[in-house]
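The values are calculated or read from the model by the stated rules, or taken from the named source; none is laboratory data. Quick caveat, the model's predicted, so the values are computed rather than measured. Counting neighbours? That spans all protein chains shown, and the Cβs are built from the backbone with ideal geometry, glycine included.
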């Protein structure tokens, strides 16, 4: 198989995994939203911020360094592996110590046992982390997709069974741990003999990886905190129940971006790294990723936002209707985040993690200042603040991309003008139809049929106006000849 074929095979399998993940996540939240209280989701969101931040430190930024550097020796791999293990143990112990301080910050004693149990992930994840990175570097996403699907399914089953047994917020934590355990065990079983690591460790051998990784570690930390500062502040000032409503709304809007973007960026980073000195190749790859995201993410986010008055009560139940107004306001956030995220692959491929670090330091500072003011006014104001900041960040990041690969903003916008116009038409159509449905009883089958009809019309218009690009995708991604 040629390298180009491997790229598209990786995207196909990552896409299949993401489609499966969407279905699993949909089932999980649709079921658990009716079994758990919004406060339970709020408590788990508080825990997720803490655990998610700590996860950035489990590999000291080594994962991205492993992908960036093209020649890695067996001795270096061994040293890097044990460095991951040491970091995981250290973070687990540190979290156990600081749990009282976290509970004091949130003024929620109930999160103490949740954090203590969730932190066991740090004793599990490092054992498989390097193997996962090497599989990504070799574009073996077919293997990774199968592993992640099995792990996600196991996690879903544990979540649902635990909820039915009345474990409350612990259901989500236990499900996450089950997913992590399954994922790590399968990866170890597949990869250990192939890599054949030993107990060698030398700090001097991995200095260049740590230097690269520390920049990425700092950037990753800033990205996570800036992306979750709203969760921190809402949980701190408005309490877990309001945070539960906000979490559902935010996740529905950003889930398409969080699910689909990694399909492309995790493949793009190794590919861009191999072509890091050829700006024309980087421009072409970057623009194609952006157009694909515009074609896929935009309509999903628009449908969720406009149809939220129907979707939320029907799927999640009447207890979650507070989330509707937040979902509607956050529509631009999902769009701008989708368009801005692939820039990270370009920054790292060009070997400039320092730029990423400085950029995300700026984002964190802005988010903290704006959200600290907005949260004291109300949850709706938080949503409006996200819109303003996302709009600002999108345009600034495009100037950074211009600096790195000489891609002009007018070229960028011209490349996605057709998807933008088509989605504006889609939005108007959905809003018009919503007015006829809003006061009528509607079931899941009727909603599904309606969405399928809208999707069919969108795909037809897309093929009419973007025939060349769609044929390119059909040939390379799905191995279908031109139609």
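Things to note:
- Flag for residue 152 being in contact (Cβ under 8 Å) with a residue 24 or more places away in the chain and within 20 Å of the chain's Cα centre (by Cα): yes
- Candidate set: region 167-209, residues that are assigned to a loop (DSSP other than H, G, I, E, B) and modelled with pLDDT of 70 or more; chosen: the one surrounded by the fewest Cβ atoms within 10 Å (Cβ to Cβ): 199
- When 322, 363, 281, 375 are checked against the criterion of being surrounded by fewer than 19 Cβ atoms within 10 Å (Cβ to Cβ), out of contact with any strand residue (DSSP E or B) (no Cβ under 8 Å at 6 or more places or on another chain), modelled with pLDDT of 85 or more and over 24 Å from residue 428 (Cβ atoms), 322 stands alone in meeting it.
- When we screen 401, 454 for residues that are modelled with pLDDT under 80 and surrounded by 12 or more Cβ atoms within 10 Å (Cβ to Cβ), the only hit is 454.
- Test: residue in region 132-143 that is in contact with a helix residue (DSSP H, G or I) (Cβ under 9 Å, 6 or more places away or on another chain), at pLDDT 85 or above and part of a helix (DSSP H, G or I): no
- Meeting the requirement of 3 or more residues that are assigned by TED's automatic domain parsing to the domain that holds residue 452 and under 30 Å from residue 36 (Cβ atoms), the helices (runs of 4 or more DSSP H) wholly within region 270-365 are 279-306, 308-311, 323-329, 331-340.
- Pair list, Cβ under 7 Å, 6 or more apart: region 383-409 residue farther than 11 Å from residue 337 by Cβ, other residue modelled with pLDDT of 90 or more and not in a helix (DSSP H, G or I): 383/330
- Within the set 16, 66, 80, the sole residue that is in the same structural domain as residue 159 (by TED's automatic domain parsing), surrounded by fewer than 20 Cβ atoms within 10 Å (Cβ to Cβ), modelled with pLDDT under 80 and touching a helix residue (DSSP H, G or I) at 6+ places or on another chain (Cβ under 9 Å) turns out to be 16.
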